[in-house]
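Peer 1: The structure that follows is given in the form of structure tokens.
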Amino acid sequence: MSRPVTLDAEPKPTLLGHPRALAFLFTTEMWERFSYYGMRSLLVLYMVKYLLLPGRVEDVIGMAGLKHLLEIPFGPLDPQPLASQIYGIYTGLVYLTPVFGGLLADRVLGHRRMVVIGAVLMAAGHFMMAFEPLLLFALLCLILGNGAFKPNMSAQVGDLYAPGDPRRDRAYSIFYVGINIGAALAPLVCGTLGEWVGWHYGFAAAGVGMLTGLAIYLYASPMLPPDRITPIGERTALTRDDRRILGALLVLFVPTSFFWATYEQQGNTIALWADTYTDRVVHLFAWSFEIPTTSFQAFNPVMIFLFTLPVIMLWAWQARRGTEPTTLTKMALGCFGVTLANLILAVAASYAGGAKASWLWLLGYFVVLTVGELYISPIGLSLVSKVAPARMLSMMMGVWLATSFTGGFLAGWLGSFWSAMDKAQFFLMIAAIAAAAGLAIAAFNRPLRAILKG
């Protein structure tokens, strides 16, 4: 039994004035994201360029049945559209299962047991990816493992702080940096191994990363706050304010899902754009080299690391002047960032014509996309941790993460148009969807501000 830590005692600050346990949650999440993004950086390329080709796809257990089911609504699927559909299903279900993982934690097993179960399942899934016939079983393990792990890690960050503690928003931004350090390292390690040494080596490296995160979490377990489990038979009626808060969060669910549908193109169609339509050669005086396709997946997380502190400082400066945007305004601005990023690539596609576009266009895309992400993703997690009823925190964190479930499915469906559409038109379509999501969130700003308290 882990030693309980009460919130009454002031924890010793060891990371920018925050409880010591935050550093271990930060590091655990970093390695888990290393494993997730390492595998994700390879998944579409692995399927399009290797596994779904004739002569290999027949050996994948269950693939024929899945392809048949997908072709009922979508028509015949060549390797690229099929890969995009599988990618969308995977990224979607990865963020649906946290609803059930959060519910199990709140009612039965607690945060810590669910995190350990999730880590073990994900490590198994990554190692199974090294065996070609087991692709769909590996993805299933990863989906279930993420559902157990993700909401309960995020909820434990909030549990380190007493209600009203002003450090909570900053803690989630710090936690988000950990996510993106792992995501930055992942394509450089797993992606490079997968492209240059062998696909299976990249997937195995992701499994090693997950086991490293599990070991760190088990070491830190005694420092974490005690689980709060509400037994299944014990029912507590929601208050009127609780119902209004839950309703407000559900209203935001739809436009946030469309944000993720556009954002998640970076692991899908953006990877294909980088591979086929981008001149990846960098010229430095007499020296030149080619950027590996998967290395572009590191741009966004590296920029998260670089831009987080400046964005936090900007918000602090705006707060002192009384001009800091509200929570929903920040989220709307995040959507508009994705709009602008895709407009950059629409211009790139038009400017290049039939030739390859410079890699600098992709650099500009990721700069703008990253700033937009910082305005919506950690802000949404912090919002849920602040306003959700305490006895439903993990479940509501799972519900919020499920915006990426619907977003992932939509991302896969949108990606299936990639092969058939003019590339400039495709990026304009993605930009329009992100803009519509931003306008919807902005429209809810005034009606929901009082309910969500900011």
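The values are calculated or read from the model by the stated rules, or taken from the named source; none is laboratory data. None of these values were measured; they are calculated from a predicted model. Virtual Cβ from ideal backbone geometry, glycine too; neighbours counted across all protein chains shown. Just so you know, the surface numbers come from the protein's heavy atoms only, side chains and all, with ligands and any DNA or RNA stripped out. Shrake-Rupley method; radii C 1.70, N 1.55, O 1.52, S 1.80 Å.
Peer 1: Per residue, what accessible area does the chain have, given a 1.4 Å probe and all protein chains present, in Å²?
Peer 2: Solvent-accessible surface per residue comes out at 41 Å².
Peer 1: Compute the long axis of helix 110-128 from its Cα atoms, compare it with the longest principal axis of the Cα atoms of the chain, and write down the angle in degrees, 0 to 90, nearest 10.
Peer 2: That helix lies at roughly 10 degrees to the long axis.
Peer 1: Here's a follow-up. In degrees between 0 and 90, to the nearest 10, how far off the longest principal axis of the chain does helix 79-94 point, with axes built from Cα atoms?
Peer 2: Rounded to the nearest ten degrees, it is 0.
Peer 1: In addition: Quote to one decimal, in nm, the extra length available between R228 and S350 on full extension: 0.36 nm per residue of separation minus the C-alpha distance between them.
Peer 2: 38.4 nm
Peer 1: Here is a follow-up. Per the 1.4 Å probe, what fraction of the accessible area of the chain, in percent, lies on carbon and sulfur atoms?
Peer 2: Details: 12780 of 18560 Å².
Roughly 69 percent, rounded to a whole number.
Peer 1: Going by alpha carbons, how many degrees (0 to 90, nearest 10) lie between the helix axis of 63-74 and the longest principal axis of the chain?
Peer 2: It is inclined by approximately 90 degrees.
Peer 1: So, one more: Set the Förster distance to 30 Å, then compute FRET efficiency between Q318 and L363 from the Cβ-Cβ distance, nearest 0.05. Don't skip to the answer; put the middle values down first.
Peer 2: On the way: r = 27 Å, r/R0 = 0.91.
Approximately 0.65, to the nearest 0.05.
Peer 1: Just how far, in whole angstrom, is region 393-442 from region 50-65 if you go by their alpha carbon centroids?
Peer 2: Their Cα centres are 28 Å away from one another.
Peer 1: Go ahead and run the numbers for FRET between R20 and V108, Cβ-Cβ distance against an R0 of 30 Å, rounding to 0.05.
Peer 2: 0.60
Peer 1: Right, another one. Looking at the chain, send over the antiparallel percent of its DSSP beta bridges, to the nearest 5.
Peer 2: Just about 75 percent of them are antiparallel.
Peer 1: Which of the following values of volume of the Cα convex hull per residue in Å³ was calculated from the structure shown: (i) 160; (ii) 123; (iii) 265?
Peer 2: (i)
Peer 1: Cα atoms only: what Rg and Dmax, in Å, come out for region 348-418?
Peer 2: My reading of the Cα-based Rg and Dmax gives 17.8, 57 Å.
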